[in-house]
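Trainee: Following this message is one structure expressed as structure tokens.
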Amino acid sequence: MEKYNPEIIERKWQKYWAKNPDNFSAKDESGQEKAFILDMFPYPSGTGLHVGHVESYTATDIYSRYLRMNGKNVLHPQGFDAFGLPAENYAIKTGIHPKETISNAVEVFKRQINSLGFSYDWSREVNSSDPKYYKWTQWLFLLFYKNGLAYKKKAKVNWCPKCQTVLANEQAENGKCERCESEVIQKDLEQWFFKITDFVEDKGKTSGLLSGLEKIDWPNSTKSLQKNWIGKSVGAQFKMQIENTDKFIEVYTTRIDTVFGMTYAVVAPEHEIVASLLKVESRKSKVKREIQNLKIENSDEIGKYVEASKKKTDLDRMEAKEKTGVEIKGIKVINPFNGEALSLFVADYVLSQYGTGAVMAVPAHDERDFEFAKKYNLEIKEVISGDKKDKEILTDDGILINSTEYNNLESGEAREKLTAWLEEKKIGQRKINYKLRDWLVSRQRYWGAPIPIIYCEKCGEVPVPEKDLPVELPDDVDFKPTGESPLKYSKKFQEVKCPKCGGEAKRESDTMDTFVCSSWYYLRYADSKNEKEFASKEKLEKWLPVDLYVGGAEHSVLHLLYARFFTKVLHNLGYLNFDEPFLKLRHQGTILAEDGTKMSKSKGNVVNPDDVVKEFGADALRIFEMFMGPLEDMKPWQTKGIVGVYRFLEKTWKMQTRINDQETGDSKLNNLIHKTIKKVGKDIEEMRFNTAISALMILANEMEKQEKIQITNYQLLITLLSPFAPHLAEELWEKLGHSESIFKEEWPTYDPEMIKDEEIELIIQINGKVRDKIIVSADISEDEAKTIVLEREKVKSYILGREIRKIIFVKGRLINIVF
RNA sequence: GCCUUGGUGGCGGAAUUGGUAUACGCGCUAGUCUUAGGAACUAGUUCCCGCAAGGGAUUGAGAGUUCGAGUCUCUCCCAAGGCACCA
């Protein structure tokens, strides 16, 4: 027998599978039950495949192979998320066109993916930078546009003054530019948005982004991340009159129950009232009637404060250790509940973008207000009683005090009643606020899908007609960052005739956020070559939604939220018959370096899958990554650990010399085999691959002990192993004389009769402690067990004349004598 | 601060969901084989006391429920990830 040589075996079977794609292709015409098993398509980075990719791809590969062997019609495709910044930044540095960079990287990725024996259906491959793909990204943009879900407005964007460019939020983390580390500033520019906020709550028959979470099988943590991101809060919004005027400021609060504790109010520096008051002061001729009686005593001071706040970056405002603010001297606002006239402050701890940009301040029950009140010596009035624990103030709900007729109410009840009062008096109402903002989708960048809009001097904003799609990216552009999209400098691209009037017009030069491309790619796999639609309705109905989706937890919010949004829009517009794209989602946990830190190029502790494949083979790498621990856990790489799974594979390989085709019928081994069939199947379904592998190891160890290995048993072992180590399984299968691929085999079934134990080890406990064990028939009755156990010398010596209070008997498991 | 997930041998991790804690693998120890090293195989390996038989302790800490708790309840500590002046 030749040595186990994964290099030769693996190359051989990879070739075979490439020549017989039918083995793994999804059958559009088949009547078998479908299963759509999906990996998040990778960004083809220049550094190649990472062990993290291998982890998730192995998981879905095992699952897909298992389902196929169980007679399912499996759609398991792969593609590339090929637009994006790294390739463009690389082009700026080297002058090499992103197209070239990406196509090289895609080649490397495909080579690596194939070297691991993944059973993808490559006939459905997508690449988001391919005009045949982004034609439909653009088509979807126009669909959104026509339905009022894509719109343009002025917005603050991240701007790096050194690189002279707009940055995506992900590139401006912590307020610093990803590339040059300089401070990012906020700039007002015209930007495109998608109305994702329209889909937070249910819309017609389409479930909302919040309620939809209830019906999908996703990790709890991911659901709660999305909920947090959406940030729904239920409160009340009400008007406070400015004393001696008929003008109001409106505030939002979730704690209307604390309203009698309000001792002042605060507006954000950007609040319109501030600007209008200052205007009154500076241009007396244009005094508005309603505030003509007001005299602001410190308008200079306020003006300075507002100016200073405007100059601060978001980062500064967030990091400010102490709260600052200025009282607007000369005006008072009235608390409508008790008529008290209160001071009004401008302070930048109040956010202009959230709620109304103005708040009621209750220092006794809100930490921020408390901090501010202490600093400026403002009144602190308690109106809720309850347990403060070890804090200075009570911020939890409690019982109302000092609140007129609302005294003694519990916070929750009080909120209902106080809100009802506001509604009755028509000065306020219940109000729901969200943290989620509309999705800014335009990027002043080259390497993305162009936004299909044309600006005509006569007709204004004109969508590119469907027949003119795709709007292709020109190749001849200068990548140097200028602060505007590089597309602006391609005349060929920019200058265009207006589709409406035929006059001179200009194309939109911005491209779309890459997250737009990845928000719908899973739909394209159903019908990836369709040139008439993004996918036919029939095929969408056949294959979607995705039954299992696996990918990194870093996409918990953005990609997964956007993809859900797209699905909901398309459902709402009648293109899809489902409103959640991914029924079941799992994340692979991060694989850390051997030292327990994150793998990083700069630390030089990155494990390259190619090296591992070369040394131990793809099967060993696959099994090792699955064996390291639960799929979702973060776990450190241990090079030495691979040796263990390699030994296991080698052991299985060597067994082929000891097979025997005579039936010997070892009932103990048969029992183990059937238990293993059951366990491996169940574990794969629950994606607990580590314990499935452990069960296979136990079976292999047991078979190894046999002098002769029965051929039927050996075949079973190989079949159970095949989804995990496909190359080895194919090779051994062929050696056993089979001419067809092992993946044409049916998954073995277990016989429930065979997994029943005839004898069990009954645990004998005395006062809950294990004191003895005894082999008995599995169906021993309580009485029989008692009789036998109480006769045992060891048990007798423990009892020693003491009175037995009771005896607990758990059938097939244990007996516990209590005294 | 809030949300989420965790905390089990020297290490990665198991535990039929309330019933033998430490499966499987790594490592380590001893042995067989080998000129040697390695590989392979066999046996052992939670910790403490003991030559052994045996006994005791043990799932981050503490309490509770129970005949019985890694698992359920409460309080606290620690770690990772996310959100974060969102009123």
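Each reported figure results from applying straightforward, stated rules to the coordinates on display, with no laboratory input. Here the structure is a predicted model, which means the values were calculated and not measured. Neighbour counts run over all protein chains shown; Cβ positions are idealised from the backbone, glycine included.
Trainee: I need the shape label for region A:659-809. Rule: rounded when a/c is under 1.5, else prolate if a/b > b/c, else oblate, with a, b, c from the alpha carbon gyration tensor.
Mentor: Numbers: a/c = 3.42, a/b = 2.61, b/c = 1.31.
Judged from the Cα gyration tensor, region A:659-809 comes out prolate (a/c at least 1.5, a/b above b/c).
Trainee: Okay, moving on. Need one number: nm distance between label points at residue A:694 and residue A:682, each 7 Å from Cα along Cα→Cβ, rounded to one decimal.
Mentor: 1.4
Trainee: Return the subset of A:162/A:304; A:232/A:304; A:675/A:796; A:203/A:223 for which the Cα-Cα distance in this structure is over 26 Å, preserving the input order. Mind showing how you got there, number by number?
Mentor: Details: A:162/A:304 28 Å; A:232/A:304 35 Å; A:675/A:796 36 Å; A:203/A:223 20 Å.
Table pairs above 26 Å Cα-Cα are A:162/A:304; A:232/A:304; A:675/A:796.
Trainee: Shape verdict for chain A, please, from the Cα gyration tensor: rounded (a/c under 1.5), prolate (a/b greater than b/c) or oblate.
Mentor: Values: a/c = 2.58, a/b = 1.42, b/c = 1.82.
Since a/c reaches 1.5 but b/c is at least a/b, the shape of chain A is classed as oblate.
Trainee: Hey, another quick one. What ranking do A:662-675, A:241-254 get when scored by the average of other Cβ atoms within 10 Å per residue, highest first? Each step should come with its number before you reach the end.
Mentor: Details: A:662-675: 14.4, A:241-254: 17.9.
Averaged packing, sorted descending, gives the order A:241-254, A:662-675.
Trainee: Still on this structure, please answer the following. Given 0.36 nm per residue, what is the gain on full extension from residue A:374 to residue A:301 after removing their alpha carbon distance, in nm?
Mentor: On the way: separation 73, 0.36 × 73 = 26.28 nm, distance 2.09 nm.
Using 0.36 nm per residue and subtracting the Cα-Cα distance, I get 24.2 nm.
Trainee: Separate question: Beta carbons within 10 angstrom, averaged per residue: use that to sort the peptides A:711-721, A:751-761, highest first. If you can, show how the numbers build up before the last one.
Mentor: Values: A:711-721: 20.0, A:751-761: 12.1.
Ranking the peptides A:711-721, A:751-761 by packing returns A:711-721, A:751-761.
Trainee: What net charge do the residues around residue A:409 carry, taking every other residue with its C-beta under 12 Å from that of residue A:409, with Lys and Arg at +1 and Asp and Glu at -1? Before the final figure, lay out the partial values.
Mentor: Working: positive: A:415, A:417; negative: A:257, A:397, A:405, A:410, A:413, A:416.
Combined, the nearby Lys, Arg, Asp and Glu give -4.
Trainee: Relative contact order, percent, of chain A when contacts are C-alpha pairs under 8 Å separated by at least 6 residues? If you can, show how the numbers build up before the last one.
Mentor: Values: 1437 pairs, mean separation 119.9, N = 819.
Computed value for chain A: 15 percent relative contact order.
Trainee: Turning to a different aspect of this structure: Sort out for me the Cα centre separation of region A:432-478 from region A:517-547, rounded to whole Å.
Mentor: So the separation of the two Cα centres works out to 23 Å.
Trainee: With the cut-off at 1.5 for a/c, could you classify region A:398-506 from its C-alpha gyration tensor as rounded, prolate or oblate? Please list the in-between numbers first.
Mentor: Numbers: a/c = 5.17, a/b = 3.08, b/c = 1.68.
Since a/c reaches 1.5 and a/b is larger than b/c, the shape of region A:398-506 is classed as prolate.
Trainee: Could you grab the relative contact order for region A:663-758? Cα pairs under 8 Å, six or more apart, rounded to a whole percent.
Mentor: On the way: 72 pairs, mean separation 33.7, N = 96.
Contact order relative to length: 35 percent.
Trainee: So how far, in whole Å, is the C-alpha centre of region A:746-773 from the one of region A:602-629?
Mentor: 37
Trainee: Further question: Please compute the length gained on full extension between residue A:413 and residue A:749, using 0.36 nm multiplied by the number of residues separating them and subtracting their Cα-Cα distance. All intermediate terms of the calculation are to be shown ahead of the outcome.
Mentor: Numbers: separation 336, 0.36 × 336 = 120.96 nm, distance 5.86 nm.
Additional length available on full extension: 115.1 nm.
Trainee: Around residue A:759, what is the net charge, scoring Lys/Arg as +1 and Asp/Glu as -1 over all other residues with Cβ under 11 Å from its Cβ? Write out the running numbers ahead of the final one.
Mentor: Values: positive: A:668, A:756; negative: A:757, A:758, A:761, A:779.
Cβ neighbours under 11 Å give a net charge of -2.
Trainee: While we're looking at this one, here's another question. Under 25 Å between C-alpha atoms is the cut-off here; go through region A:587-673 and count lysine pairs that meet it, provided they're at least eight residues apart or on different chains.
Mentor: 17
Trainee: Antiparallel as a % of all DSSP beta bridges within chain A, to the nearest 5?
Mentor: Values: 69 of 94 bridges.
Counting only bridges with both partners in chain A, antiparallel ones make up about 75 percent.
Trainee: What does the charge count near residue A:775 come to, summing +1 for each Lys or Arg and -1 for each Asp or Glu among other residues with Cβ under 14 Å from its Cβ? Provide the component values of the computation, followed by the final result.
Mentor: Numbers: positive: A:668, A:773, A:792, A:813; negative: A:757, A:758, A:759, A:761, A:772, A:779, A:784.
That sum, taken over residues with Cβ under 14 Å, equals -3.
Trainee: Let me ask another. How far apart, in nm, are two points set 7 Å out from the Cα along the Cα-to-Cβ line at residue A:712 and at residue A:104?
Mentor: Spacing of the two 7 Å Cα→Cβ label points: 5.8 nm.
Trainee: Taking 0.36 nm per residue of sequence separation and subtracting the Cα-Cα distance, how much length would be gained by fully extending the chain between residue A:664 and residue A:432, in nm to one decimal? Each step should come with its number before you reach the end.
Mentor: Working: separation 232, 0.36 × 232 = 83.52 nm, distance 7.24 nm.
Residue separation times 0.36 nm, minus the Cα-Cα distance, leaves 76.3 nm.
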